[in-house]
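Beneath this line is the structure, given in C-alpha cells, with notes to follow.
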Amino acid sequence: MKKFGFIVLVGALTLAGCVKDIPFVTTSVPENGKFIDQVEFAKTRIYTADEIHAAKSEVMRQSIGTAPITDLQDYAQEVLDRIVAVAPAGSPKAEIMLIGNSGPGARAAREGVLFLYHSAFDYLRSEDELAFLIAHEYSHVLLQHTPENLFSVLRPYLLTAADVALGNSGSQSDLLRKAGQMYGSDLILRDLLLPNWDRSQEREADYLGLDLMVRAGYQPKGASGYFEVAQEAEENFDTRYQVTRNQLELFLQAQFQPKGQDNVLLNQFLSEFGEAVSTVQQQLSAKHDDASERAEEIFAYGMREYMPERTSRMIHKEPFDIVIEQNKTALDNYRIASEIIQTLQQDDREIDFRALEAEARKAVGGDTENHPYTRWAFAKVRERQGNLKKALQNIDLIDGEDDVLALPVEMKRAEIMKSLGDVKSAYQRVEQVATYYEWPLEAYRFLYPIVKASGNKTRENELLIGCVARYPQQRALCAGQESIMQMSSM
C-alpha cells in the first residue's frame with residue numbers, strides 16, 4: 001500500500017523542488033550574447049477557433065473555472081500585448097485567461113492561451129515580476145514547446161479515490177468525508193494543471209522571457225524578483241495543504257487496503273496504479289528543475305546582458321499597486337474562499353460552521369457574488385453541513401462563459417442532483433457535459449451505474465466500449481465502476 005502513499009509526494013516533488021542533485025547540461029543557452037538573437041524559433045501554427053476552444057476546455061476540465069476579475073485580467077493582457085509587440089516578426093498574438101486557484105503558477109497552451117492563477121496578484125510585488133511570469137509563459141508559445149502534464153497519468157486513479165468517497169454516502173467516517181472534499185480543492189487542481197516541461201525548454205523560456213520583458217521596457221530585476229516571491233509562495237501553499245496530503249494518503253490506504261479477501265479487480269487496479277506511479281517517478285527524476293538553480297542562472301544572465309537596464313530603469317510598482325488596490329475587495333473575497341476550502345479539511349469538531357457560513361457569505365458579496373471560485377466555496381460549506389439543496393443553489397448561481405461550467409463543478413452538481421432524487425436530470429446534464437468536454441472519464445463513471453441499473457444493455461455496452469476506447473489503460477476502471485465502489489466496504 002506504499003504505492004498509494006506516493007501520490008501525496010508528487011505535488012511536492014513537482015513544485016517544491018524535492019528532487020535534488022540532478023546534473024544539468026544544456027547547449028541551448030549561449031555563453032555569450034542574448035538568447036533571443038541566437039535561438040531558432042519554431043514555425044508557429046495558425047490555430048483554428050475549434051483548436052483554441054479545445055485548449056481552453058482542457059483546462060476547464062481540470063479547474064473550478066475562470067476568475068472573472070475583469071480589471072486584473074485586462075491588466076495582465078496589456079502586459080502580454082506589450083511583450084508580443086516586441087517579439088520577433090510574425091510572432092502570434094495570445095490571450096490571458098485568469099483561473100480561480102490560490103496555488104502559485106501559470107500554464108501556457110501552444111494555441112496561444114496563457115492561463116494565470118488569480119493568486120499571482122497576491123504574491124507578486126510589481127508589474128515587472130508579472131511581466132517575467134507572462135513573458136516566460138509566452139516564450140513556451142513562441143518556441144512551440146509541448147507541455148507534458150505528468151498528473152494526467154495519475155488522474156484517473158485519483159478520481160477513483162474521490163468517487164469512492166462520494167459514493168460511500170452511508171459512511172460516517174470524517175476522513176472519508178474530507179477526502180471527498182479534495183476533488184476540486186486548490187491543491188489537487190494546481191497539481192493536475194501543472195505542466196512538466198523538459199528541462200531545456202524551461203531554461204529556454206526563462207532566458208527568452210527575460211529578453212522579451214526587457215525589450216518591452218521592464219526592469220530585468222523583475223525576473224530574479226519573481227523567483228524569490230514565487231518560491232516563497234509555493235512553500236507557503238505546500239505547508240497549508242500538508243494536512244490535506246496526509247489525509248489523502250490515509251484515505252487511500254484505508255479505502256483500498258484489502259481486508260482478508262483476494263479481489264481480482266482490486267489487485268488489477270493496484271497494479272495499474274503502481275505502474276502509473278513508477279512512470280511519474282521516472283519522469284520527474286529525469287525532468288524536474290530546481291527553482292533555486294534557475295533563479296541563480298537567470299540572475300547571472302541578467303547581470304551579464306542587461307546591466308545598463310538594471311541600473312537605469314525603475315521598477316513598475318505604482319501601476320501594479322493601483323490595480324491591486326482597485327480590486328482589493330475581490331481579491332479579499334477570493335482569499336476568504338481559499339481559507340474556507342482549507343478549513344473544510346479539518347475535523348467537524350474543529351469547525352465553527354456558523355462562523356464559516358458567515359465567511360462564505362462575505363466571499364459571495366459584491367462583485368464576486370456569482371464567481372465560480374467563491375460560489376464553489378459556499379457550495380462546499382453547504383454540502384458539509386448536509387444541506388444539499390442550498391449547495392445546489394450555490395452552484396446554479398455561478399456565472400459561466402458558456403452554458404457548461406468547469407467539469408468538477410458540473411460533476412458535483414450532478415452528484416447532488418442524483419442524491420436529491422433527480423436522477424433523470426442529472427443523467428441528462430452529464431450527457432451534455434460529456435459531449436462538451438469530449439467524454440472525460442468522470443462522465444463514464446457517473447453514467448455507467450445508472451445505465452446498468454436501468455437495464456439498458458445497448459447503452460451500457462456503448463458506454464463500456466467508448467470508455468475503453470478512450471482510456472485503454474483504465475480498462476478495469478471502465479468495466480468495473482460498481483465493483484471498485486464496493487471495494488471500500490470490504
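Whether a residue is free of Cβ contacts under 8 Å to residues at least 24 places away in the same chain and either among the charged types (D, E, K, R) or open to solvent by less than 20 Å² (accessible area, probe 1.4 Å) (or both) was assessed, and residue 361 passes this test. Note on the stretch 272-309: residues that are modelled with pLDDT of 80 or more and either among the β-branched types (Val, Ile, Thr) or within 30 Å of residue 478 (Cβ to Cβ) (or both) total 1.
Evaluation of residue 375 against the conditions (1) free of Cβ contacts under 8 Å to residues at least 24 places away in the same chain; (2) in a helix (DSSP H, G or I); (3) exposed (fewer than 15 other Cβ atoms within 10 Å of the Cβ) shows that the sole unmet condition is (3). Here 342, 346, 432 are screened, and the one residue that is part of a helix (DSSP H, G or I) and closer than 30 Å to residue 239 by Cβ is 342. Identification of strands (runs of 3 or more DSSP E) wholly contained in the stretch 1-119 with 2 or more residues that are β-branched (Val, Ile, Thr), at pLDDT 90 or above and crowded, with 20+ Cβ neighbours inside 10 Å yields 95-99.
Just wondering, is there one or more residues in the stretch 379-390 that are hydrophobic (A, V, I, L, M, F, W, C), closer than 19 Å to residue 333 by Cα and surrounded by 19 or more Cβ atoms within 10 Å (Cβ to Cβ)? The answer is yes; a qualifying residue exists. Scanning the stretch 392-409 for residues that are at pLDDT below 95, closer than 22 Å to residue 471 by Cα and acidic (Asp, Glu) turns up nothing.
The values are calculated or read from the model by the stated rules, or taken from the named source; none is laboratory data. Quick caveat: nothing in here was measured; it's all calculated off a predicted structure. Reconstructed Cβ throughout: ideal geometry from the backbone, glycine too, with neighbour counts over all protein chains shown. Note: areas computed on protein heavy atoms with side chains; ligands, DNA, RNA excluded. Shrake-Rupley method; radii C 1.70, N 1.55, O 1.52, S 1.80 Å.
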